[in-house]
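K.L.:
Let me give you the structure first, and then I'll get to my questions.
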Amino acid sequence: MPSSLDELPAHVRLEAHTTARDKAVAARDISPGSVVLEVPSMVVLLLSSGKGRRCDFCLCTGASEIRLARCAGCASYWYCGPQCQTLHWGSHKKFCKRLASFTASAEFQCLEAHEQLDALLHTHLIAEISSNAPSDVRAKQLSTFMSLLPGPQHDCLPIACPMSVNVDVHQSLEVLFTRSGNNNFAIHSHLTAIAHGIFPLASRLFNHSCLPNAAARYVIRRGQSVQMEIVALREIKATEEICIPYVDPALIESRQQIFKFTYGFSCTCPSCNFISTLGSIPSSPVSEVALAELDNTLQTFCFPSGDIDDHTLSVGSTLPDLPENLHHVLRESYLLRLTDAFSRSSHEGSYHVALDVGLTVLAVYLLIYPENYPQIGMHLLEMAKTAWNAVIATEHDIDNAQDALAKMSLLKRARVYRNLASNVLKVFGPEGDPTGPLEELAILKKLLHEEP
């Protein structure tokens with residue numbers, strides 16, 4: 001597994017970029033679903049929501065046969081067993097006994113949540129670099145990390161848990177932070193963030209795009225350090241730049257501010273260029289009637305036939321096609337309202353409402369996300385499950401031919417949604433915890449196949 005630029009696979013090469021430092025390009029055609037690059041983690045920090053439920057080293061969840069053991073020194077870290085704790089001890093021992101007093105200190109408690117995360121990630125990074133464990137991979141990772149461009153200058157450095165470090169590390173604290181703040185990734189399992197991590201080679205190679213042709217997924221195996229895999233979302237032609245998303249492309253209004261503050265650049269991808277031509281995005285309507293009319297207009301625009309089929313994802317509209325009267329839908333609050341309504345109605349059993357709202361969510365996703373983006377597949381899977389639940393809910397209410405036709409219509413929609421979800425999620429592939437969306441798709445396929 002490569003840790004430095006001189007270990008790149010034959011199908012990836014580094015070239016000069018007109019505005020960025022470099023760019024990673026495909027040396028040959030890369031097919032959808034192919035792993036472009038595997039990258040080992042240098043530092044991993046489990047989010048507080050996973051404490052006691054996941055191993056702080058490999059990030060695996062506890063299981064019936066594996067009970068997580070708490071570190072006796074800090075009482076804040078849990079491990080699958082002696083193997084994970086031993087592998088983590090080289091760096092963890094640097095701050096283990098001082099962690100509790102550090103996180104309870106007024107200096108730490110007054111920080112915002114994201115600042116606390118920065119402080120703990122910085123602590124892990126300092127400890128990892130200060131550990132005495134000899135490793136050729138770690139040396140290459142550190143060399144690659146130190147070669148990264150620093151992020152924007154901020155008023156002060158984050159705090160870190162006190163620990164004994166050598167003079168070289170102490171003198172490099174500012175250099176370390178200016179690179180860790182803009183070069184860490186949210187590690188997710190089934191697209192839900194569970195940790196943050198530093199993967200130096202991925203940061204060195206791949207530039208951002210809001211319409212990426214590749215994305216990161218994470219390999220979590222018990223007793224092993226976390227790995228990142230960069231996966232091609234569509235065919236990447238030879239000489240084409242390979243780009244990944246640094247933030248969720250759905251953050252249309254706030255993403256440029258994030259890029260400037262966190263990464264120190266302005267995005268000029270086709271999506272951002274179009275948004276910049278709009279000036280300010282008009283506010284969404286306030287009244288429920290006007291919002292419902294806007295939802296219906298968007299559905300009509302994206303799905304002229306009034307329904308979707310197995311070819312819907314290949315003929316979607318793009319942002320520049322969006323008429324002016326629909327620019328309201330680009331507001332982040334508009335999508336948030338829809339996703340909240342979809343989640344609420346599908347969980348409360350209002351399946352027909354959920355399916356209608358979910359179709360509007362899908363319309364927005366197809367406008368803002370690129371081909372085979374995993375969030376599209378996950379939403380389609382939820383739509384398929386919702387349609388199946390609607391079928392089950394109407395099982396005992398079929399009194400006439402019209403009711404039977406309604407059930408058949410729901411079954412058809414469930415199958416279409418499942419097939420479309422499968423097409424997307426099979427490209428992205430399995431990630432994170434062992435059971436997940438691909439297993440759900442297989443179960444749903446069997447259920448739908450058994451229905452007449």
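K.L.:
Name every residue in the range 54-105 that is modelled with pLDDT of 95 or more, more than 20 Å from Ile126 (Cα to Cα) and of a type in the set (Lys, Arg), in order of residue number.
P.N.:
Of everything in the range 54-105, those that are modelled with pLDDT of 95 or more, more than 20 Å from Ile126 (Cα to Cα) and of a type in the set (Lys, Arg) turn out to be Arg54, Arg70.
K.L.:
Every residue in the range 32-53 that is open to solvent by 30 Å² or more (accessible area, probe 1.4 Å) and among the polar types (S, T, N, Q), please. Spell out the reasoning first.
P.N.:
Pass one, the range 32-53, residues open to solvent by 30 Å² or more (accessible area, probe 1.4 Å): 32, 34-35, 38, 47-49, 51-53.
The answer is Ser34, Ser48, Ser49.
K.L.:
Moving to a separate point now. Answer with yes or no whether Ser287 is touching a Lys or Arg at 6+ places or on another chain (Cβ under 8 Å) and open to solvent by 30 Å² or more (accessible area, probe 1.4 Å). Outline the logic, then answer.
P.N.:
On the way: touching a Lys or Arg at 6+ places or on another chain (Cβ under 8 Å): no; open to solvent by 30 Å² or more (accessible area, probe 1.4 Å): yes.
For Ser287, the condition - touching a Lys or Arg at 6+ places or on another chain (Cβ under 8 Å) and open to solvent by 30 Å² or more (accessible area, probe 1.4 Å) - is not met.
K.L.:
Going residue by residue through the range 430-444, is there one that turns out to be assigned to a helix (DSSP H, G or I), surrounded by 17 or more Cβ atoms within 10 Å (Cβ to Cβ), of a type in the set (Asp, Glu) and modelled with pLDDT of 85 or more?
P.N.:
The answer is yes; a qualifying residue exists.
K.L.:
Further question: Within the range 6-24, is even one residue at negative phi, of a type in the set (A, V, I, L, M) and crowded, with 17+ Cβ neighbours inside 10 Å? Spell out how you get there, then give the answer.
P.N.:
At the first step, the residues of the range 6-24 found to be at negative phi are 6-24.
When the remaining residues are screened for being of a type in the set (A, V, I, L, M), the result is 8, 10, 12, 14, 16, 20, 24.
Within this subset, residues satisfying the condition of being crowded, with 17+ Cβ neighbours inside 10 Å are 12, 24.
Yes, the conditions are met somewhere in the range 6-24.
K.L.:
Another question about this same structure. Just to be sure I understand the filter: pairs with C-beta atoms under 8 Å, separated by 6 or more residues or on different chains, first member in the range 283-312 and closer than 18 Å to Asn419 by Cα, second member part of a loop (DSSP other than H, G, I, E, B). Which pairs pass?
P.N.:
What qualifies is Thr312/Phe303.
K.L.:
Criterion first (surrounded by fewer than 12 Cβ atoms within 10 Å (Cβ to Cβ), farther than 30 Å from Val36 by Cα and under 22 Å from the mean Cα position of the chain (by Cα)) does Leu330 satisfy it? If you could, list the steps in order and put the result at the bottom.
P.N.:
Working: surrounded by fewer than 12 Cβ atoms within 10 Å (Cβ to Cβ): no; farther than 30 Å from Val36 by Cα: yes; under 22 Å from the mean Cα position of the chain (by Cα): yes.
Here the answer is no, as Leu330 does not meet what is asked.
K.L.:
For the range 23-65: of the residues being touching a residue at least 12 places away in the same chain (Cβ under 8 Å) and of a type in the set (D, E, K, R), which is farthest from Tyr263 (Cα to Cα)?
P.N.:
So, considering only residues that are touching a residue at least 12 places away in the same chain (Cβ under 8 Å) and of a type in the set (D, E, K, R), the one farthest from Tyr263 (Cα to Cα) is Arg53.
K.L.:
Could you list all residues from the range 249-267 that are free of Cβ contacts under 8 Å to residues at least 60 places away in the same chain and either open to solvent by 50 Å² or more (accessible area, probe 1.4 Å) or not basic (Lys, Arg) (or both)? Show your work before the answer.
P.N.:
So the first thing to find is which residues in the range 249-267 are free of Cβ contacts under 8 Å to residues at least 60 places away in the same chain, and the list is 255-259, 266-267.
Result: Gln256, Gln257, Ile258, Phe259, Ser266, Cys267.
K.L.:
Of the residues that sit in the range 372-393 and are in contact (Cβ under 8 Å) with a residue 60 or more places away in the chain and over 19 Å from Val424 (Cα atoms), which one is nearest to the chain's Cα centre (by Cα)? First the steps, then the outcome.
P.N.:
Start the filter on the range 372-393 by keeping residues that are in contact (Cβ under 8 Å) with a residue 60 or more places away in the chain, which leaves 372-378, 381, 384, 388, 391.
The next check asks that each one be over 19 Å from Val424 (Cα atoms); those that pass are 388, 391.
Numbers: Trp388: 27, Val391: 31 Å.
The selected residue is Trp388.
K.L.:
While we're here: Give the residues of the range 237-253 that are in a loop (DSSP other than H, G, I, E, B) and of a type in the set (Val, Ile, Thr), sorted by residue number.
P.N.:
Thr239, Ile242, Val247, Ile252, listed by residue number.
K.L.:
Condition first: within 23 Å of Ser225 (Cα to Cα), buried (at least 21 other Cβ atoms within 10 Å of the Cβ) and over 25 Å from the mean Cα position of the chain (by Cα). Can you find one or more residues in the range 137-145 that meet it?
P.N.:
Going through the range 137-145, the residues within 23 Å of Ser225 (Cα to Cα) turn out to be 137-145.
Pick out the ones that are also buried (at least 21 other Cβ atoms within 10 Å of the Cβ) and you get 141, 144-145.
With over 25 Å from the mean Cα position of the chain (by Cα) added as a condition, the list becomes none.
No, there is no match, as no residue in the range 137-145 is within 23 Å of Ser225 (Cα to Cα), buried (at least 21 other Cβ atoms within 10 Å of the Cβ) and over 25 Å from the mean Cα position of the chain (by Cα).
K.L.:
So, Arg234, is that one within 24 Å of Pro434 (Cα to Cα) and either in a loop (DSSP other than H, G, I, E, B) or open to solvent by 10 Å² or more (accessible area, probe 1.4 Å) (or both) or not?
P.N.:
Working: within 24 Å of Pro434 (Cα to Cα): no; either in a loop (DSSP other than H, G, I, E, B) or open to solvent by 10 Å² or more (accessible area, probe 1.4 Å) (or both): yes.
Considered against the rule, which asks whether it is within 24 Å of Pro434 (Cα to Cα) and either in a loop (DSSP other than H, G, I, E, B) or open to solvent by 10 Å² or more (accessible area, probe 1.4 Å) (or both), Arg234 comes out as no.
K.L.:
Given the criteria surrounded by 15 or more Cβ atoms within 10 Å (Cβ to Cβ), among the hydrophobic types (A, V, I, L, M, F, W, C) and closer than 19 Å to Leu355 by Cβ, does Leu294 qualify? Write out each step before concluding.
P.N.:
Values: surrounded by 15 or more Cβ atoms within 10 Å (Cβ to Cβ): yes; among the hydrophobic types (A, V, I, L, M, F, W, C): yes; closer than 19 Å to Leu355 by Cβ: yes.
Here the answer is yes, as Leu294 does meet what is asked.
The values are calculated or read from the model by the stated rules, or taken from the named source; none is laboratory data. Predicted, not measured: the structure shown is a model, and the values here were computed from it. Ideal geometry is used to build each Cβ from the backbone, glycine not excepted, and the neighbour counts take in all protein chains shown. Accessible surface is based on the protein model in full, side chains and every heavy atom, while ligands, DNA and RNA are left aside. Shrake-Rupley method; radii C 1.70, N 1.55, O 1.52, S 1.80 Å.
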